[in-house]
Each structure stands twice: as structure tokens, then as C-alpha cells.
1. Would you please name the trypsin sites (Lys or Arg not before Pro) within segment 42-123 that are DSSP coil residues with at most 14 other C-beta atoms within 10 Å of their C-beta?
2. Once you charge only the Cβ atoms, +1 for Lys and Arg and -1 for Asp and Glu, what is the size of the charge dipole of the chain about its Cα centre, to the nearest 20 debye?
3. Mind pulling the per residue volume of the convex hull built on the Cα atoms of segment 1-57? Å³ is fine.
4. Which of the lysines could a cross-linker span from Lys131 if the Cα-Cα distance has to be under 16 Å and same-chain partners fewer than 8 positions apart are dropped?
5. With the dipole of the chain worked out from charges on the C-beta (+1 for Lys and Arg, -1 for Asp and Glu) around the Cα centre, which of Gln117, Ser71, Ser105 lies farthest toward the positive end?
6. Compute the accessible area per residue over the chain, keeping the other protein chains in place, probe 1.4 Å, unit Å².
7. Read through the labelled values (1) 110; (2) 200; (3) 135 and report the label of the one computed as volume of the Cα convex hull per residue in Å³ from the structure.
8. Please report the net charge: other residues with Cβ closer than 12 Å to the Cβ of Glu101, K and R +1, D and E -1.
Amino acid sequence: MKIFRADLEVGLKDKLFDISSESLGLDEVRFSEKTFPCTIHSDAASHGYYLKGNMDVSTLEECDRCLSEFSSDRNINFSILLTSDSKLVNNDEHDIIFFTEQDDSVDISPVLAEYIQLDRPLKELCSDECKGLCPSCGCNLNEKDCLCTNDTADPRWDILKKIN
């Protein structure tokens, strides 16, 4: 997604963009839609421009417990500094893009892709109450109860059952 210097000089006031999910280069992420909305606000600074905004991203995920496919909707906030100050570029506190006075536009897609990747949870669950799969027969316990009995107790633990 390109941001043009002319737009930055005028100022972006919660401007709405439609971002193509294909333009981000995230092959491992399956998006629900081909585009998603992104709102950006810009402020001029002595060393460049601050971009702040949010994206409403909807992805298709697979539940780690029951293996069902579900849609995950997230609102992701971001903040980016566009600067020509080389001292700030190596700052680890902000997401910074080197943007010189000669540049007419800047592509913020790589940074937006990073925000989407970092916002993904480590464990994808279709719901907090997901029951998962039966370890014996593999049926989805969210859809039906199975008739399996879990009498596969380890006899080494029987002595502990006698403790009161």
C-alpha cells in the first residue's frame, strides 16, 4: 500500500483505504475477503510523519482443538514513523520506515503485514468453550457426544487412589 508525499503534506484525517490482502505477500495467512478496510491518520513531525491507524482483518483459521475452520475477526492498531533521520531508523521502540525528502511515495505494506502476523494468537480456538476431539474415536465433541469410555487408566497410579 503506497502513501504519497502529497497526501502526507495535506494530512490524512482518518482516511479510509481498502487494502488488497494479496498485496501483503502473506501466503501462510488465509484472508476471508480479498480486501479489508484500513483507516490512517497522519501527523507532521520535525523529523518526518507519524502514521496511526487501524485495520479490520478477517482471516480463516483452523481450530487447534477440534480442527474446524472458523473466521477470526480482529481490529489491529498500528503506529509508523516515516523519517529521513538515519539516527532514528535503528530505534527499536518504533516501527520506522526510511523516507527521504526525494521520495514521492512510501510502501507501508511490509509493516502492515508484520502487524497482522504479530497479532495472530499462538493458539487458534474457534471458541473458548471448544471441547476438541475425542482422543479415542476422533469425533468432534462440539457437534456430538461420543460413546467412548476412557477406562484406559494406568495401573501405576492405583496406589494414589487409596490415599484419603
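The values are calculated or read from the model by the stated rules, or taken from the named source; none is laboratory data. Small disclaimer: the values here were computed from a predicted structure and weren't measured. Here the Cβ is made from the backbone with ideal geometry for all residues, glycine too, and neighbour counts use every protein chain on show. All accessible areas refer to the heavy atoms of the entire protein, side chains included, with ligands and DNA or RNA removed. Shrake-Rupley method; radii C 1.70, N 1.55, O 1.52, S 1.80 Å.
1. For trypsin sites (Lys or Arg not before Pro) across segment 42-123 that sit outside H, G, I, E and B with at most 14 neighbouring Cβ atoms in 10 Å, the list reads Lys123.
2. I would put it at about 540 debye.
3. Details: hull volume 4.9 nm³, N = 57.
For segment 1-57, the hull spanned by Cα atoms encloses 86 Å³ per residue.
4. Lys123, Lys144
5. Ser71
6. Working: 10890 Å² over 164 residues.
Result: 66 Å² of accessible area for each residue.
7. (2)
8. -3
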